[in-house]
Protein chains: 4
Amino acid sequence: MNTFGRIFRVTTYGESHGSGIGSIVDGCPFGLELTGEEIQIELDRRKPGKTCVETERKEPDQVEILSGIFEGKTLGTPISMLIRNVDVDSSKYEKLRDTPRPGHADLTWREKFGWIDWRGGGRASGRETVARVAAGAVAKKLLKKFGIEVIAYSKEIAGINIGEIEIKDVGKSQRIINASPVRTIDPRKGREMENAVLSAKNEKDSVGGVIEAIAVGVPTGLGEPIFDKLDADLAKALMSIPAVKGIEIGKGFELARMKGSEANDPLVIKNGKIQTKTNNCGGILGGISNGMPIILRVVIKPTSSIGKEQHTVDLRSMEETTIEIKGRHDPCIVPRAVPVVEAMISLVLADHSLISGFIPRKL
Amino acid sequence: MNTFGRIFRVTTYGESHGSGIGSIVDGCPFGLELTGEEIQIELDRRKPGKTCVETERKEPDQVEILSGIFEGKTLGTPISMLIRNVDVDSSKYEKLRDTPRPGHADLTWREKFGWIDWRGGGRASGRETVARVAAGAVAKKLLKKFGIEVIAYSKEIAGINIGEIEIKDVGKSQRIINASPVRTIDPRKGREMENAVLSAKNEKDSVGGVIEAIAVGVPTGLGEPIFDKLDADLAKALMSIPAVKGIEIGKGFELARMKGSEANDPLVIKNGKIQTKTNNCGGILGGISNGMPIILRVVIKPTSSIGKEQHTVDLRSMEETTIEIKGRHDPCIVPRAVPVVEAMISLVLADHSLISGFIPRKL
Amino acid sequence: MNTFGRIFRVTTYGESHGSGIGSIVDGCPFGLELTGEEIQIELDRRKPGKTCVETERKEPDQVEILSGIFEGKTLGTPISMLIRNVDVDSSKYEKLRDTPRPGHADLTWREKFGWIDWRGGGRASGRETVARVAAGAVAKKLLKKFGIEVIAYSKEIAGINIGEIEIKDVGKSQRIINASPVRTIDPRKGREMENAVLSAKNEKDSVGGVIEAIAVGVPTGLGEPIFDKLDADLAKALMSIPAVKGIEIGKGFELARMKGSEANDPLVIKNGKIQTKTNNCGGILGGISNGMPIILRVVIKPTSSIGKEQHTVDLRSMEETTIEIKGRHDPCIVPRAVPVVEAMISLVLADHSLISGFIPRKL
Amino acid sequence: MNTFGRIFRVTTYGESHGSGIGSIVDGCPFGLELTGEEIQIELDRRKPGKTCVETERKEPDQVEILSGIFEGKTLGTPISMLIRNVDVDSSKYEKLRDTPRPGHADLTWREKFGWIDWRGGGRASGRETVARVAAGAVAKKLLKKFGIEVIAYSKEIAGINIGEIEIKDVGKSQRIINASPVRTIDPRKGREMENAVLSAKNEKDSVGGVIEAIAVGVPTGLGEPIFDKLDADLAKALMSIPAVKGIEIGKGFELARMKGSEANDPLVIKNGKIQTKTNNCGGILGGISNGMPIILRVVIKPTSSIGKEQHTVDLRSMEETTIEIKGRHDPCIVPRAVPVVEAMISLVLADHSLISGFIPRKL
């Protein structure tokens, strides 16, 4: 439900227009140096309202750490982080109360729970992901201490694809991506993407895309077969992000058209260590990391909230009607989903690092 | 690890060349009529050695039910099913002991566990999936009692794609698929697929493909946000199947190039009930089923075991070498993965049906 | 770790002298009427500083609900409750930093975590239980709606035992217990207990006791054999409370000296329903509730923090030394543990009610 | 339900009069030397029909290992163990079908599951514990490799108590206990116990008792606060054993009448290491092991199945009636519960050793 992970565990809470959003990280080893600023940096990467391609809701997203850190280090006890909601404007939503928005969870949540918080999507809102990013920031810090780094970027937006790229320097790539309003690594393509997003915005429409992520420094041996394979847990983590409708590892769906002799990554020896010549498997074989970079992609559907007229149903009269969604929405959610993808991958890698014993319980 | 699910739970065990493979289903409601024959029917659909596109290993895959059923009905206690291994021939594997097969889990398992059963892949073998199918058969029977049916088929093999199809009559479609050696629903395309598989076999190579699955009769309200969303749990279940490297729900990766106004499924009223006009979301919104058919696809990589010469490493000398895998292998694993995909989907749906209360604990 | 339960789940956080203590309740059905006042009432029952037998730390223990409730009803989403720490005085603890207090978790936590919050016991403090009581208040409200009530009281303090008693009217008994400074149901014995506690306090010593709890209105059928039996889960829940060192159900340890013919509860028919004549089994047989009241007892050890001189070790010099604990401590923790016992029992019963389907997911 | 543990996990199945009883151990590290004989030795200690104080059912309880061991070592994959039922005689039970036995789970299971296996108690039978002992044997072997040993014995039977004893040499004590028909460590008291059991048997009645268990070599640091404390998990594990109705750690219920100054274990330095002078806390403080021996006791109720006439209800006519249970029953279950107590403690210690990192995942 609202808890994820086995040893490194995250519990989140909060509605979009309620008091706040929170995240509790349990199982982080004792003795990790961690400050609120480090968490804030990640939150700021996801924060709305910074560029023209984003919603105009202005949330400071200031994190308060309520527990788990003492004298600059983690205690091994739950790290509780609270982000208050500030810029809440529910007025636009009142009229949506009985006309579910197409592509949204309005109706499914209502049918499941009977009762929903109709203000801004309640807990089904993308705002929920702020809690994932806060938790992911803790995981990232822990992973980095053990040489693992996770980086994600917009691979494709509105059909504009940056093609195959190679990350050589994570830090440098990270700076390029952070500087890009659409969170991509190719500045020229980035400007094309921006234009496509703004053009969709002008049409009161939205666009989607593909996020690619790479984890480097991952040791061999992460992943627990049969069911808790590393790729299985990654798939679950990523598919749980709002708007994600698909995930592929390594060559992914391209493998359907490859032959075994092309798809298999030949084993070679480099610097005295066994590696694979290619990385079609994306760093995971038999559900266990093989020491090569983990590469994966997720598809992000176009933002469901659009200004264009759409067909829906009035739940009181049970008659068909139309809707034009006002509110403040991202015409493309891909850029802001980038840190969320990094966060979810980091949570899975931190958990598996602890389960497998690669990261010890006591630092 | 080797247990999957929360209420409807499956635990499996067994190595490819050990005594047998087994599956324990816990949490199945009491009072479900169930016979060994019903489980056997599903096992037979997965059984190797029936057609020219499959391995020549001949396994009777006869299930013995050890517990949980009394006087023809489930007791509510664990249903233990044992399938003995019979046609075991480990001779071909001895020479692979120290030369890991590219594309296989040989090396990752070895590095994780230190110690492996090198005979036929041990527990990393596709043979492990017989336990999933046995468990899935129980789930299927339970779901059917509540109007839910799951059907899968080869959507694409070796680049031959059957295009968009619609399942109107599950029973009839099931019979067509069962009759197809490549487990597809379009007999003409099926023959093309067969030829492509045989042609790869002749080249000592292998091919992959895409399996599509549909679940009909799914009620609204299955799925537990935020993390245990229905699509998240499906993604994990499916990605845990050997050879699966990607999964997409509804339009999946196509959504990256659609606009919001195209992707959103308009709400309409049909026969007094709310439905969506299209089903681009694949029956799941916000992680919760919306009452429309669930549609998803997984990519199956080409079989890793091929006769062609491949580059690998000799672990004793730590020198590069080549390998030609003899053994008995499926040149295309897609057809035999079809019932496994059905099984994993059924397990997830049964579990979520029980969690949500759609299926009661006592029948 | 810091999460408890399967469907109705609680996650807690917070150190004694940190920012605050919190509790997140996940899995509470949607549509339960719930206010902050109802939670506050339970917190007030546990609040310190009200009577002479308690610590002088004055904590308002005011709860803030951060999520999960909207328009007076639960949303089915996590209910996050935060209780800020106010009356924090860490000065007395500084000198205890390197001299672990006998009977306390100081040394075990330190050895496990390497790093501890030495201020007031950190997370090992009894203050942690405020989060349990907050979560228990939600469970209690839910259970009451379905006719289940849980009541606990001091059965014995400092050797003064109230003997066998029968609860006929839960509401009336609750009022008597609430009015008693030592939270017992026999006012005369209560005064004896008070005197014994004050006498121990004067000697800079402490006393322990036994808490008895009864749950009425429990239906038949709660409990999940083999391992998640109702009594097994109750035992875990109660043993996890600080200072609890034993638990017994029904006649408990007395059963060691009874014969089968005395211990077995004969089945009889009363008002057309099957009941047991006696209730030696305490309402649970084979791990499943039998419809009779659940009766159990836990032993609470005397408060570890005492003013008397005690032998301990100086961790810097690794030499033996003595310690006299100043701080503000309860000379007897039994009365304040009473609502904690009720809370933990309520959490287990709520969880099992949801697992078994007795309480539905949607009210 | 039928799975126990987090990393070192056990799943069991099987009805008393079904095909067999089984146990799957998941999460055992790779590379542990383990043979079927070692498991058989533990099963033989629990096996019925060896002495006059036990049931006459003759079960060979021969274990077959189906998976997880290869070339004498564990693979890290699930270890599946099957014990076939042989001496099954259901004839005596047919007449009990509609007259629930007092003190048994007959009625509660029936009300919960609707449908029960009335033959010999089905899965509610004590026979289920054979699976616990098989799994416990694996845990014991693993623990011993890391210096942890668990030993249990009858502390009291029918009111005959052996008083406080000290275990100096586990191996020697184990041999004495194994040689005792009532599994106690004081041969003289053992003969008194035997006589008391036989005397109860002659009266067609039964007696109960108390089992004490000690774990030596336990390191500091096992136990996961707040909810998964070591004593909390032990309490759950032990309370899940049929017939156990209470558990206490260290001085347990005696602590109710002790003062803090008596109960607190003073810290001293012995051989350069910190220890406690007394061990009233039973080796666990704040839910974490402190390095001293873990000491606990459980109460075992008198066997519910007795030949004496008892009052019950006929479920068809819903009228009161009487019952005299024939079958083959232990007049005292305490001796045969001794290895079961050892098994459950071993499972908890193995799990916590892996969670805390004391035992690594790869040996």
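What to note about this one:
- Checking residue A:234 against (1) under 29 Å from residue A:310 (Cα atoms); (2) open to solvent by less than 10 Å² (accessible area, probe 1.4 Å); (3) in contact with a helix residue (DSSP H, G or I) (Cβ under 6 Å, 6 or more places away or on another chain); (4) at the interface with chain B (Cβ under 10 Å from one of its Cβ atoms), the condition it does not meet: (1)
- Boolean, residue B:136 is away from chain A (no Cβ under 11 Å), outside any loop (DSSP other than H, G, I, E, B) and either touching a helix residue (DSSP H, G or I) at 6+ places or on another chain (Cβ under 7 Å) or surrounded by 24 or more Cβ atoms within 10 Å (Cβ to Cβ) (or both): yes
- Of all the criteria given as (1) aliphatic (A, V, I, L, M); (2) away from chain A (no Cβ under 14 Å); (3) in contact with a Ser or Thr (Cβ under 9 Å, 6 or more places away or on another chain), the one not satisfied by residue B:43 is (3).
- Evaluation of residue A:229 against (1) open to solvent by 10 Å² or more (accessible area, probe 1.4 Å); (2) more than 7 Å from chain B (Cβ to nearest Cβ) (one fails), failing number: (2)
- Unmet requirement for residue D:254, which otherwise passes all of (1) among the acidic types (Asp, Glu); (2) surrounded by fewer than 21 Cβ atoms within 10 Å (Cβ to Cβ); (3) within 7 Å of chain C (Cβ to nearest Cβ): (3)
- Residues of segment B:275-286 that are open to solvent by 40 Å² or more (accessible area, probe 1.4 Å) and either at the interface with chain A (Cβ under 8 Å from one of its Cβ atoms) or in a loop (DSSP other than H, G, I, E, B) (or both): B:277, B:278.
- Residue A:120 within 27 Å of residue B:255 (Cβ to Cβ), in a loop (DSSP other than H, G, I, E, B) and among the small types (Gly, Ala, Ser): no
- Note on segment D:300-336: among residues that are away from chain C (no Cβ under 12 Å) and outside any loop (DSSP other than H, G, I, E, B), the one that is surrounded by the most Cβ atoms within 10 Å (Cβ to Cβ) is D:335.
- Scanning segment C:70-83 for residues that are touching a Ser or Thr at 6+ places or on another chain (Cβ under 9 Å) and either more than 8 Å from chain A (Cβ to nearest Cβ) or more than 19 Å from residue A:83 (Cβ to Cβ) (or both), we see that the one that is surrounded by the most Cβ atoms within 10 Å (Cβ to Cβ) is C:81.
- Within segment A:133-183, the set of residues being under 25 Å from residue A:12 (Cβ atoms) and acidic (Asp, Glu) comprises A:149 only.
- A Cβ distance below 6 Å, combined with a sequence gap of six or more or placement on separate chains, defines the contacts here; from segment D:210-230, residues that are assigned to a strand (DSSP E or B) reach residues that are among the β-branched types (Val, Ile, Thr) and surrounded by fewer than 24 Cβ atoms within 10 Å (Cβ to Cβ) in the pairs D:214/D:151; D:214/D:167; D:214/D:295.
- Number of positions in segment B:172-185 that are out of contact with any helix residue (DSSP H, G or I) (no Cβ under 9 Å at 6 or more places or on another chain) and open to solvent by 40 Å² or more (accessible area, probe 1.4 Å): 2
- Total residues in segment C:156-171 satisfying the condition of being open to solvent by 20 Å² or more (accessible area, probe 1.4 Å), touching a helix residue (DSSP H, G or I) at 6+ places or on another chain (Cβ under 9 Å) and not hydrophobic (A, V, I, L, M, F, W, C): the figure is 3.
- Among the residues here, residue A:124 does not qualify as modelled with pLDDT of 95 or more and under 29 Å from residue B:285 (Cα atoms).
- Filter result (aromatic (Phe, Trp, Tyr) and closer than 18 Å to residue C:70 by Cβ) within segment A:66-118: A:93, A:109, A:113, A:115, A:118
- Scanning segment A:17-40 for residues that are away from chain C (no Cβ under 14 Å) and either without any contact (Cβ under 8 Å) to a residue 24 or more places away in the chain or of a type in the set (A, V, I, L, M) (or both) gives A:37, A:39, A:40.
- Taken over segment A:187-209, residues that are in contact with a Gly (Cβ under 9 Å, 6 or more places away or on another chain) and open to solvent by less than 40 Å² (accessible area, probe 1.4 Å) amount to 8.
- Residue match in segment A:55-69 (condition: within 11 Å of another protein chain (Cβ to nearest Cβ), open to solvent by less than 30 Å² (accessible area, probe 1.4 Å), within 24 Å of residue B:287 (Cβ to Cβ) and among the hydroxyl-bearing types (Ser, Thr, Tyr)): no
- In segment A:84-98, the residues that are open to solvent by less than 80 Å² (accessible area, probe 1.4 Å) reach residues that are assigned to a helix (DSSP H, G or I) with C-beta atoms within less than 7 angstrom, at least six apart or across chains, in these pairs: A:90/A:119; A:90/A:120; A:93/A:119; A:93/A:120.
- Every residue from segment C:264-323 that is touching a Lys or Arg at 6+ places or on another chain (Cβ under 7 Å) and farther than 30 Å from residue C:108 by Cβ: C:265, C:266, C:268, C:280, C:287, C:288
- Residue count for segment B:86-108, restricted to those that are in a loop (DSSP other than H, G, I, E, B) and within 14 Å of chain A (Cβ to nearest Cβ): 9
- Residue among C:346, C:289, C:261 that alone is modelled with pLDDT of 95 or more, part of a helix (DSSP H, G or I) and within 30 Å of residue C:77 (Cβ to Cβ): C:346
- Test: residue in segment C:4-16 that is in contact with a helix residue (DSSP H, G or I) (Cβ under 7 Å, 6 or more places away or on another chain), within 12 Å of chain A (Cβ to nearest Cβ), more than 30 Å from residue D:268 (Cα to Cα) and among the basic types (Lys, Arg): yes
- For segment A:99-121, a residue qualifies if it is of a type in the set (Lys, Arg) and surrounded by 24 or more Cβ atoms within 10 Å (Cβ to Cβ), and exactly one does: A:112.
- Residue match in segment C:7-15 (condition: open to solvent by 30 Å² or more (accessible area, probe 1.4 Å), under 15 Å from residue A:13 (Cβ atoms) and either hydrophobic (A, V, I, L, M, F, W, C) or touching a residue at least 24 places away in the same chain (Cβ under 8 Å) (or both)): yes
- Selection from segment C:211-224 of residues that are facing chain D (nearest Cβ under 7 Å) and open to solvent by 10 Å² or more (accessible area, probe 1.4 Å): C:220
- So residue C:168, is it farther than 21 Å from residue C:1 by Cα and either under 19 Å from the mean Cα position of the chain (by Cα) or assigned to a helix (DSSP H, G or I) (or both): no
- Residue A:141 meets the stated requirement of being surrounded by fewer than 24 Cβ atoms within 10 Å (Cβ to Cβ) and in a helix (DSSP H, G or I).
The values are calculated or read from the model by the stated rules, or taken from the named source; none is laboratory data. Everything numeric here is computed off the predicted structure, so don't read it as measured data. Quick reminder, even Gly has a Cβ in these numbers, built from the backbone with ideal geometry, and neighbours come from all protein chains shown. These accessible areas exclude ligands, DNA and RNA; they are computed on the full protein's heavy atoms, side chains included. Shrake-Rupley method; radii C 1.70, N 1.55, O 1.52, S 1.80 Å.
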